[in-house]
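Quick notes on the structure that follows.
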């Protein structure tokens, strides 16, 4: 399933892989076909549950609705933990009220698929999507490659003191300097905890040793990146696109690609089985995967899931990024235990 690439040795850590190479026809063109609803002037509404930053999902939705004037997109945006709680509450009261889930990581979607909450995708074109992002059972598809990197404040941390690996973060010289997102809140952080716990070179011993350096645990990746850029804790673990966002805005922050490789998520999208607008929901996902949708992702500092749209400026090529590629079934089954281990180690 996703995460099937053999980790590429690299000079730069690149948790989620950068993409790229070539596709002939933009999937976006498929979304312009006239439907019966469009022809009759009717408009349908789909609801998207997402963890995407508000301004980024708004940009995507605006572009989608310009191409698909017969579809109105409504959004409920929250962190993965809050989305999970909302979905659980809706299931308990009858049915899930959204049409599309666009968030988190493959293990989260694996769980929803196993519980029967996702519909099999019938008309979503993944032919130009890289293998790492495609679910072979076709219940979801990744929409970006989001690696987790080591980030540091370029004005505070001396170049000679920079760590080059996950292992080095346990060095006592980094005590009190580190910051990380809370895996109980962040889906990416929970995924990372399970990847690290099940990595032969790191494992529980590394997580416990990291806890001895007393990292600050921020609520999520956003506050983590801001804490690094602000210098309160000048070294941290965070998803890569936030570092690029802050650096482009002038903040003194940069990335290190860990020598062991990077855990990464693909921020999948899928259609809820309870949806009454599955055709419109699949058109939305097709747009996310289209040339136009993926170019927007690149402009938003994400690594794309297709090879013909480029990558953010200054980002290593795919062949230059080492990825951590664990067994997805193991990571999925062990995520709750890994989060508990992580929280106990950091206390």
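A short reminder: the numbers here are calculations on the coordinates, not readings from a lab. Given the structure is predicted, the values throughout are model-derived calculations rather than measurements. Virtual Cβ from ideal backbone geometry, glycine too; neighbours counted across all protein chains shown.
Numbers below:
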{"read-out": "Cβ-derived FRET efficiency at R0 41 Å, residue 336 paired with residue 66, nearest 0.05", "value": "0.50"}
{"read-out": "Relative packing of 214-221, 201-208, 93-100, which averages over residues the other C-beta atoms within 10 Å, highest first", "value": "214-221, 93-100, 201-208"}
{"read-out": "Descending semi-axes in whole angstrom, ellipsoid equivalent of the stretch 246-347, from the Cα gyration tensor", "value": "27, 25, 14"}
{"read-out": "Residue 216-residue 279 FRET efficiency (beta carbon distance; Förster radius 35 Å; 0.05 resolution)", "value": "0.15"}
{"read-out": "Cut-off 17 Å, label 7 Å out along Cα→Cβ of residue 122, residues of the stretch 240-270 by amide N", "value": "270"}
{"read-out": "Using alpha-carbon coordinates, inclination of helix 80-93 to the longest axis of the chain, degrees", "value": "40 degrees"}
{"read-out": "Label corresponding to log10 I(q)/I(0) by the Debye sum over Cα atoms at q = 0.06, 0.07, 0.12, 0.16 Å⁻¹ when calculated from the structure given, among (1) -0.31, -0.39, -0.92, -1.50; (2) -0.25, -0.33, -0.84, -1.44; (3) -0.20, -0.28, -0.81, -1.40", "value": "(3)"}
{"read-out": "Gap separating the Cα centres of the stretch 299-320 and the stretch 141-209, nearest whole Å", "value": "22 Å"}
{"read-out": "Selected from 241, 112, 257 as most flexible by GNM, with the chain as the system and alpha-carbon contacts under 10 Å", "value": "112"}
{"read-out": "Distance from the stretch 107-123 to the stretch 254-282 (C-alpha centre basis), Å", "value": "12 Å"}
{"read-out": "Linear extension gain, residue 45 paired with residue 199, 0.36 nm per residue minus alpha-carbon span", "value": "51.1 nm"}
{"read-out": "Taking only Cα atoms of the stretch 206-258, radius of gyration then Dmax in Å", "value": "11.4, 35"}
{"read-out": "Reciprocal mean inverse distance between Cα atoms of the stretch 151-290 - Kirkwood radius, Å", "value": "16.5 Å"}
{"read-out": "Förster radius 22 Å - calculated FRET efficiency between residue 209 and residue 86, Cβ distance, rounded to 0.05", "value": "0.05"}
{"read-out": "Rg to Rh quotient for the stretch 125-218, alpha carbon positions, Kirkwood Rh", "value": "1.06"}
